[in-house]
Amino acid sequence: TIQQAINAAATGQVIVITNTSEYDETVVINKSITLTSNTSIRPTVSSRNAALTAINITADNVTVSKLHLVYNASSGSNTFGTINSAGGRFNITISNNTINKTGSRDVHGISFSNTNVSLIELNNVNVTGGSADIYDISLSSGASDNTIFNNTLFINKTGTARSLGMSSANRNNISFNN
């Protein structure tokens, strides 16, 4: 599994997924690594566990790139995102991914809470379903000094929908060409 590769990896290691399989698992990145693929058809990380995200980042200096991330938020208690980073994280890069959130729960595509000096670039984010305030990309709870650019953002739902959301506690975030 991807999680087994992360658990076995040394800090700073690059983990390259070399096939186009679908991985039905929730991935926790708990050390400074790069998770990527080398295929033109991206491998899929799909969380069918409605209580958890597809990828949860709990370490600094993490890169996630060239993956297809899917989260079916049809039930459960997760209110974060398909990919989530929280708790005072620094230097997180989310780049060149396809991110799809489906299901009726109000969950973001990418959620950065108190994540700082990070980069979200060149992603295709599609959020479908839900009825309350949700975003393709959400920065909250003091997320600061982040750069967000050249992402393709799409929301298809009822209720309030915003492609990019930032709370008033955030500062010095830069967003362009989204």
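The values are calculated or read from the model by the stated rules, or taken from the named source; none is laboratory data. In this text, all values refer to a predicted model and were calculated from it rather than measured experimentally. Here the Cβ positions follow ideal geometry from the backbone for every residue, glycine too, while neighbour counts run over all protein chains shown. Side chains are part of the model used for accessible areas, which takes the heavy atoms of the whole protein and leaves out ligands, DNA and RNA. Shrake-Rupley method; radii C 1.70, N 1.55, O 1.52, S 1.80 Å.
Taken together, the criteria exclude residue 118 from residues that are open to solvent by 40 Å² or more (accessible area, probe 1.4 Å) and either modelled with pLDDT of 90 or more or within 27 Å of residue 155 (Cβ to Cβ) (or both).
Every test in (1) modelled with pLDDT of 90 or more; (2) part of a strand (DSSP E or B) is passed by residue 46 save one, and that test is (1).
Looking across segment 57-75 at every residue that is under 13 Å from residue 127 (Cα atoms) and at pLDDT 85 or above, the one that is least open to solvent (accessible area, probe 1.4 Å) is identified as 69. Residues in segment 13-37 that are closer than 24 Å to residue 91 by Cα, out of contact with any Ser or Thr (no Cβ under 6 Å at 6 or more places or on another chain) and either polar (S, T, N, Q) or in a loop (DSSP other than H, G, I, E, B) (or both): 13, 33, 37.
Just one of the numbered conditions (1) open to solvent by less than 40 Å² (accessible area, probe 1.4 Å); (2) at pLDDT below 95; (3) within 10 Å of the chain's Cα centre (by Cα); (4) not basic (Lys, Arg) is not true of residue 78: (3). Inclusion of residue 10 among residues that are touching a strand residue (DSSP E or B) at 6+ places or on another chain (Cβ under 7 Å) and either modelled with pLDDT of 90 or more or open to solvent by less than 50 Å² (accessible area, probe 1.4 Å) (or both) is not warranted. Residues that are at pLDDT 75 or above and open to solvent by 40 Å² or more (accessible area, probe 1.4 Å) within segment 121-146 comprise 122, 124, 126, 128, 141, 145, listed in sequence order. Of the residues making up segment 13-47, those that are more than 12 Å from residue 67 (Cβ to Cβ), polar (S, T, N, Q) and surrounded by 12 or more Cβ atoms within 10 Å (Cβ to Cβ) are 13, 26, 30, 32, 47. Just to be sure I understand, how many residues within segment 1-12 are at positive phi and not in a loop (DSSP other than H, G, I, E, B)? Adding up the residues that qualify gives 0.
Being crowded, with 19+ Cβ neighbours inside 10 Å, under 26 Å from residue 37 (Cβ atoms) and at pLDDT 65 or above is true of residue 109.
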